[in-house]
Amino acid sequence: MKVRISSERCQGHGRCYDLAPDLFGEDDEGYGQVVGEGVVPPDKERAAGLAVSNCPERAIEIL
Amino acid sequence: MTVDDRFGQDYRETLEERSHGARNEIITGPVSDWATDFSHAEPEWAADPYPIQDELRERCPIAHTERFGGGWLPTRYEDVAAIAYDTEHFSSRAIIMSNFRPPPEMAPVGASPPISSDPPFHHHARKLLLPAFTKSAVAKREAATRAFCHTLIDELEGQDVVDAARDYAQHIPMRVIAEMLGFPPEDGARFRVFIENALEGVNLPPEERLARAQKLFDYLLTQIRDHIDHPRDDLTTYLINAELGGHKLDPSHVAGTMALLLIAGIDTTWSAIGASLWHLAKTPADRARLVAEPELLPTAMEEFLRAYAPVTMARLVKEDMHWRGGDMKADDWILLSFPAANRDPAQFERAGEVVIDREVNRHVAFGLGIHRCVGSHLARMELRVALEVWLARIPDFSLADPAAVTWAAGQVRGPRTLPIRIG
């Protein structure tokens, strides 16, 4: 499983890095970024799902 | 070193030009039918807008009013989202629905950038502010905020009944914003007057509202001049020195952004803290659970933000158009109710209930699209710390007199009187 953020849609709400800080971080302006290559280890799949389902802009995709 | 002369007489003339907007007849009094005559300025709306919004969502779902010179109120999540995303057809030139529309030539900057700005200017004005409001930037203020909350609780010592809105909630964002802007912390009482002038009393005569706004800008000018003489490490000095496209900001941009941070940074968070405490005071099971499970607070907090979203924005329709069943005219208001969107059953299960362990919560309390609240990370930090400290220090509390609770009228809704019995 991998996660990806659409930089077109992201507005920097930060729900992803609140809910799944191992998978997402903030850039200098608060926009979300995936950590590394965005690979989700099995024990972080639940956190990844929460980040997707709580993003107000629907900016996160699971690949 | 050249003297910064941007804040002299010319600046005052710029402010004067803003008063050349459009005025309309002021209509007040009881609403005849919420679908055709709505008003966010009437006491019934302030007391409890949710049943009104729920009924409109079933019936309309986009209400209209002739008040305020004409306006529309969408109540479904999908309509609110569509308008928030559509900056082609809806302008942020004015964001407080009143009886005065600023002159069209104020777009795309508006009186208080970036909230009043449209693309493409908006992007640049917003970019200036973002670094100061990231989650990690505001985390640096957490320890001081926590210490201040403890001080406020210390001062409640010995009282059986306290006003949690007046004596606790309001002071937290006032202190934080005063520090960020570099204003004297003891000016809180003045901030409260500025906030009430800007956001409440939208049906006062426009001349009166403009005169009151002038007092805010006089205050800001005093602070700006003091910062020019004595630069400091704060947002006021930052804005004075900031540049866009190789030029320092227009003086009206500096002062307008400061006004925005002062007004929007205080009233909103004060309302969110107050509404959360109001809910916990009247819901013993939720209060007991959060005392027992403090790790649930970040989840519960999002639910309070959904169910009691404090902020409603406004837009102006750009051109005449037919939009989702309504014949909208240029300069009609849109009352963009994030609270109504947050209670749409088409978007949320058990939309009308407060479910403090709700895990999937795609609420829009901080807006959607390019105008996402720039202070949302700051607001979340303040709300979490305020509730953590209160629940740790005062785990047992209830509403002392439910009928005595009063709510702010207008576009920012939260308790202004909140008598709470301790113990």
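Could you check the range B:147-170 and list, in sequence order, the residues that are open to solvent by less than 50 Å² (accessible area, probe 1.4 Å) and assigned to a helix (DSSP H, G or I)? Result: B:F148, B:C149, B:L152, B:I153, B:L156, B:A164, B:A165, B:D167, B:Y168, B:A169. Evaluating B:P103 against the criteria (1) open to solvent by less than 20 Å² (accessible area, probe 1.4 Å); (2) within 14 Å of chain A (Cβ to nearest Cβ); (3) farther than 20 Å from B:S376 by Cα leaves one unmet condition, (2). Cβ-Cβ distances below 6 Å connect the following pairs, each with a first residue in the range B:320-331 that is small (G, A, S), a second residue that is in a loop (DSSP other than H, G, I, E, B), and a separation of six or more residues or different chains: B:A330/B:E319; B:A330/B:D320. Just name the residue that is surrounded by the fewest Cβ atoms within 10 Å (Cβ to Cβ) out of those in the range B:362-382 that are outside any loop (DSSP other than H, G, I, E, B), within 13 Å of chain A (Cβ to nearest Cβ) and not β-branched (V, I, T). So the residue we want is B:G369.
Applying the set (1) touching a Phe, Trp or Tyr at 6+ places or on another chain (Cβ under 7 Å); (2) of a type in the set (A, V, I, L, M); (3) open to solvent by less than 10 Å² (accessible area, probe 1.4 Å) to B:I273 leaves exactly one unmet item: (1). Highlighted here are the helices (runs of 4 or more DSSP H) found entirely within the range B:171-268 that include at least 2 residues which are surrounded by fewer than 16 Cβ atoms within 10 Å (Cβ to Cβ): B:188-199, B:206-229. Within the range B:66-91, the set of residues being part of a loop (DSSP other than H, G, I, E, B) and open to solvent by 10 Å² or more (accessible area, probe 1.4 Å) comprises B:E66, B:R76, B:D86, B:T87, B:E88, B:H89. Inclusion of B:D37 among residues that are in contact with a helix residue (DSSP H, G or I) (Cβ under 8 Å, 6 or more places away or on another chain) and without any contact (Cβ under 8 Å) to a residue 40 or more places away in the chain is warranted. I'd like to know if the range B:388-408 contains one or more residues that are assigned to a helix (DSSP H, G or I), open to solvent by less than 30 Å² (accessible area, probe 1.4 Å) and closer than 23 Å to A:L50 by Cα. Among the residues of the range B:388-408, not one is assigned to a helix (DSSP H, G or I), open to solvent by less than 30 Å² (accessible area, probe 1.4 Å) and closer than 23 Å to A:L50 by Cα, which makes the answer no. Among residues of the range B:1-33 being in contact with a strand residue (DSSP E or B) (Cβ under 6 Å, 6 or more places away or on another chain) and open to solvent by less than 60 Å² (accessible area, probe 1.4 Å), the one that is modelled with the lowest pLDDT is B:G21. When the range A:23-45 is filtered for residues that are out of contact with any strand residue (DSSP E or B) (no Cβ under 7 Å at 6 or more places or on another chain) and facing another protein chain (nearest Cβ under 10 Å), the ones remaining, listed by number, are A:D28, A:E29, A:G30, A:Y31. Looking at B:A94, B:A139, B:A144, just one residue is open to solvent by less than 50 Å² (accessible area, probe 1.4 Å) and among the hydrophobic types (A, V, I, L, M, F, W, C), and that residue is B:A94.
Among the residues making up the range B:122-154, those that are touching a residue at least 12 places away in the same chain (Cβ under 8 Å), within 12 Å of B:E382 (Cα to Cα) and either within 20 Å of the chain's Cα centre (by Cα) or more than 13 Å from chain A (Cβ to nearest Cβ) (or both) are B:K135, B:V138, B:R141, B:E142, B:A144, B:T145, B:R146, B:F148, B:C149. If you go through the range A:1-17 and keep only what is away from chain B (no Cβ under 14 Å) and crowded, with 19+ Cβ neighbours inside 10 Å, you end up with A:V3, A:I5. Quick one: would you say B:V109 is assigned to a loop (DSSP other than H, G, I, E, B), surrounded by fewer than 21 Cβ atoms within 10 Å (Cβ to Cβ) and of a type in the set (A, V, I, L, M)? For B:V109, the condition - assigned to a loop (DSSP other than H, G, I, E, B), surrounded by fewer than 21 Cβ atoms within 10 Å (Cβ to Cβ) and of a type in the set (A, V, I, L, M) - is met.
The values are calculated or read from the model by the stated rules, or taken from the named source; none is laboratory data. Here the structure is a predicted model, which means the values were calculated and not measured. Counting neighbours? That spans all protein chains shown, and the Cβs are built from the backbone with ideal geometry, glycine included. Side chains are part of the model used for accessible areas, which takes the heavy atoms of the whole protein and leaves out ligands, DNA and RNA. Shrake-Rupley method; radii C 1.70, N 1.55, O 1.52, S 1.80 Å.
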